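The values are calculated or read from the model by the stated rules, or taken from the named source; none is laboratory data. Keep in mind it's a predicted model, so treat the numbers as computed, not measured. Please note: Cβ atoms are built from the backbone with ideal geometry, for glycine as well, and neighbour counts cover all protein chains shown. Quick note on the areas: whole protein, heavy atoms, side chains included, nothing else; ligands and nucleic acids left out. Shrake-Rupley method; radii C 1.70, N 1.55, O 1.52, S 1.80 Å.
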Amino acid sequence: MKHIALTNLLHEKMMIFSWILMLTALPLAAQENIITQPVDPHSVEELYMWQVHDGDMSAEEAFNPDSKADWHAEPLNQVWWEKNHVKWYKKVITIPEVFEGRDVLMEFRVDPVGIVYVDGKELFRACQYSGNAILVANAKAGEKHTVAVRTQNKDYNCSFFQADLIGMPAGYHEFYNARKKLSFQSKGIAVKNWKRKLFASDDAAAKDFDDNAWEIMSVPDRWEGENKHAWYRTVLKVPEEINGFPTRGRALRMFFVTDDRGTLYVDGVMKHRSEGKRFSTVITLSADPDKPLQLALKVYNDRGPGNLGSAVVLTEDEYKMQGEVDEALTRIERVNRYAKSHPRPRMETVNTLSKVMANELEGKSLPRKLELVTNQLNIIEEELKHHPAFLIPPYLQSAEETGMTIKWETVYPAYGYVLYGQNGRWGRKTIEEANPKLIHELTLLGLKPGQTYNYKVICGSISSPAATFTIKPDKPKPFKFIVYGDNRTRPKIHEFVSEHIAEEKSDFVINVGDVVSRGSVLAQWIDEYFLPIRHYSSTTPSYISIGNHEYGGYWDIRKVPPFEKYVAHPISTVGSTEYYFSFDYGNAHFIILDPNEGESVEERDGDGSIISPNSQQYNWFVEDLKAAQKKSDWIFVFMHEPPYSECWSGGYYDGEPPLRKYIVPLIEANNVSIVFAGHTHDYERGLPHPPYDPKTGKGNNAAYIITGGGGARLDNHKYYEWEQIDLPDHPADPGNDEFDGGEYYRYHYIVVEIDGKKLKFKAIEVNDDGTKGEVFDSFELESPMKKR
């Protein structure tokens with residue numbers, strides 16, 4: 001009996017051991033099916049050097065091998081200012097072996113616009129924000145194509161700044177071509193028969209105002225006059241239907257694009273006032289084709305040229321359906337993002353949608369088109385959600401002494417978790433809440449100060465590459481941080497800057513704002529900011545001092561929803577928010593301000609950005625400065641708009657008067673060492689010129705730095721001389737807007753190293769071709785704090 005019992009016991013133990021082995025092996029088996037999404041999911045060939053011809057010619061001549069035209073070698077990103085001047089770029093492209101069998105996508109960017117020809121035929125137009133086409137499907141290594149690009153400067157400057165070939169998976173060209181062919185109904189009809197008068201009185205709002213002497217203008221219309229306005233008037237004769245939608249008795253809506261702000265009157269009654277460049281409003285709840293509507297639009301221009309870019313009218317019925325169209329287009333773009341982000345996208349699934357878009361929509365009504373496309377989207381999304389991809393790779397936020405926050409975004413809602421450990425081991429796991437998400441946030445807790453951890457993020461069958469981060473130390477020690485800003489508009493340049501920032505291996509990075517061109521355009525948060533910073537964001541925590549361009553499209557509500565969902569800034573003191581906050585690192589205190597938040601135009605003190613006295617932000621800043629005096633050897637302040645600036649482009653600018661009036665006195669009285677700003681697209685530096693006189697505003701105890709060379713097109717002219725600014729040191733010329741040849745209009749970033757009470761500062765250039773440039777400015781400072 002004992003023998004039988006012992007046998008049974010051994011059998012039970014063996015069964016238990018087998019189950020343990022199976023349970024242990026399950027995660028390992030699952031890991032074998034997980035694909036790592038690399039920094040670049042598909043191979044990229046960057047085309048830097050081109051043959052260039054100055055002057056115009058025909059496309060036939062550009063491709064003629066016997067042409068006598070002069071061509072010379074030139075890298076991309078050479079800015080030129082000659083108005084209406086034409087440059088041709090030409091290059092013979094040889095398909096590399098790594099692209100064998102793949103669909104080669106060309107992505108070109110030209111500011112303002114370029115016409116792209118391949119083998120003598122026009123293929124597409126490349127502009128500042130878009131420009132791509134399939135060069136060849138199912139490519140053969142070694143095959144050659146001649147590409148030429150005609151560029152022309154219009155009224156500012158011109159630059160051909162990006163030319164990439166991307167080896168997309170075979171079959172991508174089917175989706176690309178079907179997506180390009182897809183056509184939903186246009187949104188409304190354009191209203192172009194306007195009359196215009198510059199600087200007219202507000203009597204022009206009246207319905208019966210006499211505008212017979214006004215100039216007739218076509219739209220788009222552009223005019224000069226900073227801090228001026230123009231009135232536009234027209235009579236809108238309502239048609240019986242617009243795009244097949246009846247108008248009689250129906251609500252009508254109008255869309256406007258203005259520079260910079262607009263106020264609309266209908267039959268003498270104000271209908272809408274906008275603080276942004278784009279707005280829409282209902283102009284009548286019951287349209288009558290027998291009764292024309294008198295429209296009057298006042299356009300306010302702040303800086304640069306003013307304009308009425310477009311005016312479109314449509315029925316509210318079409319507008320509501322257009323919301324469904326926009327949703328469908330957004331979902332189609334997600335499919336595109338999936339194909340471009342996933343290293344092994346399921347193109348056979350994607351192309352079931354391609355077949356519908358290419359073959360089944362011809363002649364169908366808008367509702368039927370939407371139904372067919374939406375049904376197919378539902379089918380493929382059900383499969384693709386089980387094979388997600390990182391739309392935004394993992395990035396670090398809010399470094400603390402015992403924890404680190406990690407955020408990321410997936411193309412489709414997914415469950416995610418973080419594996420982490422030390423010294424290459426993966427001993428710990430943090431799991432999200434049990435619901436799939438697009439934007440993910442996990443905070444790892446219980447970590448040790450100053451220690452380095454390895455981690456990776458896993459969502460479904462996709463993993464991020466293994467990366468490391470170092471926890472903030474609990475005792476002061478030498479550290480390094482990076483500052484840069486104004487990276488918007490040209491993501492390729494921003495990527496160059498980010499690659500070199502990653503090489504610095506700093507403890508954290510602070511961006512002084514304008515990370516996107518327009519905050520309400522969600523794609524720009526991905527393309528202009530998060531994808532370029534992927535080179536450093538997985539290993540280095542980052543912070544944003546929000547800029548005016550982030551508020552673009554959100555001025556009316558004074559909140560920026562994408563900013564709020566994408567950042568996890570430390571809100572560690574009473575009164576701080578995601579928009580203005582502070583944190584400590586080592587023996588230094590960092591204060592981030594937001595001069596754009598909270599005040600309407602009417603509340604601003606004259607022209608400029610303001611943090612008004614007795615506002616929550618102002619009072620918080622006062623208290624935060626007081627507290628910092630007691631514990632920190634260094635205090636740094638960051639804000640997008642500068643109090644002092646000497647340079648700009650296309651019109652006078654010298655910084656923000658309200659900041660000089662209200663914020664500078666607080667800075668100068670509270671031992672702030674350096675004030676960092678952006679907004680001006682150059683490098684400006686002012687070392688201390690003590691003492692500061694609060695009565696006259698003369699002198700400065702703090703250093704003032706502008707670092708606006710992160711990627712946006714650079715400024716070119718010095719308008720003013722401030723005592724507080726040393727560089728640039730060439731003479732100012734307020735009566736001229738032309739390029740002045742100054743040497744500090746450079747792409748760059750700043751490195752600051754702190755060792756006790758000593759500070760080392762370097763400004764490092766990033767060359768036009770993406771290589772690391774020289775250290776073009778440096779200095780050292782001693783802490784202004786007395787011994788404690």
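Tell me the mean residue ellipticity at 222 nm calculated for the chain from its helices only (DSSP H runs of n ≥ 4, each -39500 (n - 2.57), averaged over every residue, nearest 500). Display every interim value, and only then the final one.
Values: 11 runs with 148 residues, N = 788.
Dividing the helical sum by the residues of the chain leaves -6000 deg cm²/dmol.
The modelled label-to-label distance for the pair THR36/GLN128, using points 7 Å beyond Cα in the direction of Cβ, is 3.9 nm. If you take every residue apart from ASP514 with its C-beta less than 11 Å away from the C-beta of ASP514, what net charge results, scoring Lys and Arg +1 and Asp and Glu -1? Neighbour charge sum, excluding ASP514 itself: -2.
When ligands, DNA and RNA are left out and all protein chains stay put, how many square angstrom of accessible area per residue does region 585-712 have with a 1.4 Å probe? Don't skip to the end; give the middle numbers.
Details: 3840 Å² over 128 residues.
On a per-residue basis, 30 Å².
Here the simple spin-label model places points 7 Å from the Cα toward Cβ, and for GLN78 and GLU45 these points are separated by 2.3 nm. For region 168-310, evaluate the Debye formula with one uniform point scatterer on each Cα (no solvent term) and list log10 I(q)/I(0) at q = 0.17, 0.18 Å⁻¹, rounded to two decimals. The calculated log intensity ratios at q = 0.17, 0.18 Å⁻¹ are -0.93, -1.01. Across region 691-697, rounded Karplus estimates of 3J(HN,Hα) from the backbone phi angles (6.51 cos²θ - 1.76 cosθ + 1.60, θ = phi - 60°) give x, 7, 10, x, 6, 9, x Hz, Gly and Pro being marked x. At each listed q (0.18 Å⁻¹), what is the log10 of I(q)/I(0) that the Debye formula gives for region 264-411 modelled as equal alpha-carbon point scatterers? With no solvent term, the Cα-only Debye profile gives -1.04.
Straight-line cross-link partners of LYS661 among the lysines, defined as a Cα under 22 Å from its Cα and at least 8 positions apart when in the same chain: LYS626, LYS695, LYS698.
Which whole-number percent gives the relative contact order of the chain, counting Cα pairs below 8 Å spaced six or more residues apart? Intermediate values should be presented prior to the final figure.
Working: 1890 pairs, mean separation 67.0, N = 788.
The normalised contact order for the chain reaches 9 percent.
Points 7 angstrom from Cα along the Cβ direction at VAL282 and LYS475: gap in nanometres? Here the answer is 6.7 nm between the modelled labels.
Add +1 for every Lys or Arg and -1 for every Asp or Glu among the other residues with Cβ under 11 Å from the Cβ of PRO112, and state the total. Provide the component values of the computation, followed by the final result.
Details: positive: ARG109, ARG125, LYS154, ARG713; negative: ASP111, ASP155.
Its environment carries a net charge of +2.
THR696 exposes around 90 Å² of accessible area when a 1.4 Å probe is run over every protein chain in place.
Estimated translational diffusion coefficient (Stokes-Einstein, Kirkwood radius over Cα pairs, 25 °C, 0.890 mPa s) of region 55-123: 169 µm² per second.
Which percent of the accessible area of the chain is formed by carbon and sulfur heavy atoms (probe 1.4 angstrom)?
Values: 17450 of 33760 Å².
C and S fraction of accessible area: 52 percent.
Once you order the gyration tensor axes a ≥ b ≥ c over the Cα atoms, which shape class does region 659-788 get: rounded for a/c under 1.5, otherwise prolate or oblate by comparing a/b with b/c? Write down the numbers at each step before the final one.
Values: a/c = 2.40, a/b = 1.27, b/c = 1.89.
Cα axes put region 659-788 in the oblate bin.
Using r as the Cβ-Cβ distance of GLU432 and ASP584, and R0 as 35 Å, what FRET efficiency do you calculate, to the nearest 0.05? Given R0 = 35 Å and the Cβ-Cβ separation, E is 0.75.
Centroid-to-centroid, using Cα positions, region 754-788 and region 190-207 are 53 Å apart. Would you list which aspartates and glutamates come within 15 Å of LYS121, measuring only between C-alpha atoms, while excluding same-chain residues fewer than 8 positions from it? Partners within reach: GLU60, GLU61.
ALA230 sits among other residues whose Cβ lies under 12 Å from its own Cβ, and their net charge, with Lys and Arg +1 and Asp and Glu -1, is +3.
With viscosity set to 1.002 mPa s and temperature to 20 °C, compute the Stokes-Einstein D of the chain, Rh being the Kirkwood radius across alpha carbon pairs; µm²/s, no decimals. Please list the in-between numbers first.
Numbers: Rh = 29.2 Å.
This corresponds to a translational diffusion coefficient of 73 µm²/s.
When the pairs LYS429/LYS492; LYS492/LYS565; LYS448/LYS757; LYS228/LYS291; LYS277/LYS355; LYS456/LYS480 are compared against a 30 Å limit on Cα-Cα distance, LYS429/LYS492; LYS228/LYS291; LYS277/LYS355 fall above it. The calculated FRET efficiency for ASP119 paired with ASP556, based on their beta-carbon distance and R0 = 51 Å, is about 0.55.
Taking 27 Å as the cut-off for C-alpha to C-alpha distance, list the pairs among LYS68/LYS772; LYS320/LYS369; LYS298/LYS559; LYS631/LYS772; LYS475/LYS559 that go past it. Let's see the in-between values first.
Working: LYS68/LYS772 37 Å; LYS320/LYS369 15 Å; LYS298/LYS559 25 Å; LYS631/LYS772 37 Å; LYS475/LYS559 36 Å.
Where the Cα-Cα span goes over 27 Å, the pairs concerned are LYS68/LYS772; LYS631/LYS772; LYS475/LYS559.
Calculate, for region 738-788, the solvent-accessible area per residue in square angstrom, rolling a 1.4 angstrom probe over the heavy atoms of the protein chains. Provide the component values of the computation, followed by the final result.
Working: 2710 Å² over 51 residues.
For region 738-788, the solvent-accessible area averages 53 Å² per residue.
What are the GluC sites (Glu not before Pro) within region 685-757 that DSSP puts in a loop, where the Cβ has at most 14 other Cβ atoms within 10 Å? Could you put the intermediate results ahead of the total?
On the way: sites: GLU721, GLU723, GLU738, GLU743, GLU753; in loops: GLU721, GLU723, GLU738, GLU743.
Here the GluC sites (Glu not before Pro) that fit, given the DSSP loop and packing criteria, are GLU721, GLU723, GLU738, GLU743.
What is the Rg over Rh value, at two decimals, for region 149-229, using alpha-carbon atoms and the Kirkwood definition of Rh? Radius of gyration over Kirkwood radius for region 149-229 works out to 1.19. Estimated from the Cβ-Cβ distance and a Förster radius of 35 angstrom, the FRET efficiency linking ASP302 and ILE439 is about 0.60. The charge dipole of the chain, taken about its Cα centre with unit charges on the Cβ of Lys, Arg, Asp and Glu (plus for the first two, minus for the last two), comes to roughly 2480 debye.
Surface listing: SER67, SER218, SER274 arranged by accessible area from highest to lowest gives SER218, SER67, SER274, probe 1.4 Å.
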